[in-house]
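What follows draws every value from the coordinates through simple rules; no lab data is involved. Owing to the predicted nature of the structure, the values given are computational and were not obtained by experimental measurement. Backbone-built Cβ (ideal geometry, glycine too); neighbour counts: all protein chains shown.
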Amino acid sequence: MRFFKVFLVAVFCFLQLMVFAAKPEYKYVQIVTDKGTCVLRLYNETPKHSNNFVKLAKSGYFDGTLFHRVIQNFMIQGGDPDSRNAVGGAQLGNGGPGYTIPAEIEDGLFHKKGVIGAARDNNPAKASSGSQFYLVQGKVFTSEDLDRLEKTRMNGKKFSEAQRQAYTTIGGAPHLDWNYTVFGELVQGVDMIDQIAAVTTDTHDRPNTDQKMTMHVLTRREALNLERELKGLKPQNSIFSKIADLFSSKDY
């Protein structure tokens with residue numbers, strides 16, 4: 001009987017550890033600037049872009065680079081390694097890691113305010129830059145605005161109900177849909193985009209005052225606790241979670 005009780009306790013502890021050692025649903029990246037901090041949730045539907053972004057962020061690739069192109073009511077763009085320590089007034093936007101990423105354009109992923117998209121040149125395959133990205137600010141559109149866009153710029157594509165709901169409430173940049181890969185969205189700190197978008201710029205849309213960034217990829221525990229927070233739950237800081245962390249990698 002005693003052995004059976006010990007066995008039950010052992011099974012219970014094992015199951016508890018399995019629960020606390022679970023993996024987050026998504027990968028998350030924190031962007032820190034002088035204008036605020038935000039946290040990106042990267043989409044599982046775009047693994048090439050999401051994994052590449054995490055790889056670069058972990059390596060420090062983005063640290064010290066600039067949001068080098070800023071257009072209010074549209075987007076803020078960064079990820080050019082040439083922007084690190086760039087002299088004032090220098091034209092930026094051509095740097096990268098030396099490779100592109102195949103397009104991962106999904107119908108359900110669109111340019112509502114707060115998403116991250118991959119910049120690209122005018123290549124027919126719509127392949128993305130290996131590092132340059134933009135965060136959408138956009139603006140709010142009316143249903144009539146969206147109707148006009150469908151007729152004049154969307155090449156026969158029709159906005160879904162989800163797109164129309166987003167663009168007529170929080171806003172975005174609908175004219176980019178189906179042309180650029182969207183691979184994540186902000187879950188915290190959307191106002192950071194507004195703060196950076198409001199700065200003064202030169203004739204090439206480069207901010208007159210450098211807008212530097214650093215990035216941090218959330219650890220497994222940080223990501224799990226963020227997901228709990230987003231669901232209105234308390235973080236897991238019990239003894240079981242701490243023990244589980246000892247036997248689990250910070251990465252996931």
Please work out the Kirkwood hydrodynamic radius for the chain, using every pair of different C-alpha atoms, and report it in angstroms with one decimal place.
-> 19.9 Å
Against the longest principal axis of the chain, how steep is helix 143-152, in degrees 0 to 90 to the nearest 10, with axes from Cα atoms?
-> 70 degrees
With Cα coordinates, the longest principal axis of the chain makes an angle with the long axis of helix 220-230, in degrees rounded to 10, of 70 degrees
Take the stretch 76-174, drop everything but the C-alpha atoms, weight them equally and run the Debye formula without solvent; then report log10 I(q)/I(0) at 0.13, 0.15, 0.23 Å⁻¹ to two decimals.
-> -0.57, -0.72, -1.19
Give me the Debye-computed log₁₀ of I(q)/I(0) at q = 0.14, 0.17, 0.34 Å⁻¹ for the stretch 44-84, equal point scatterers on Cα only, no solvent, two decimals.
-> -0.40, -0.56, -1.01
For the stretch 132-234 (alpha-carbon point model, no solvent) the Debye-based log₁₀ I(q)/I(0) at q = 0.15, 0.22, 0.25 Å⁻¹ works out to -0.88, -1.22, -1.32
Rounded to the nearest 10, the angle in degrees between the Cα long axis of helix 2-20 and the longest principal axis of the Cα atoms of the chain comes to 10 degrees
Any chance you could check the Cα centroid distance between the stretch 130-182 and the stretch 213-234 for me, in angstrom?
-> 29 Å
If R0 is 41 Å, what FRET efficiency do you get for LYS151 and ASP251 from their C-beta distance, rounded to 0.05?
-> 0.30
Taking R0 as 35 Å and r as the Cβ-Cβ distance between GLU144 and GLU45, the FRET efficiency 1/(1 + (r/R0)^6), rounded to the nearest 0.05, comes to 0.70
Under the rule of -39500 (n - 2.57) per DSSP H run of 4 or more residues, summed and divided by the residues of the chain, what mean residue ellipticity at 222 nm is obtained, to the nearest 500 deg cm²/dmol?
-> -9000 deg cm²/dmol
Neighbours of ILE105 by Cβ distance under 12 Å: Lys/Arg at +1, Asp/Glu at -1, summed charge -1
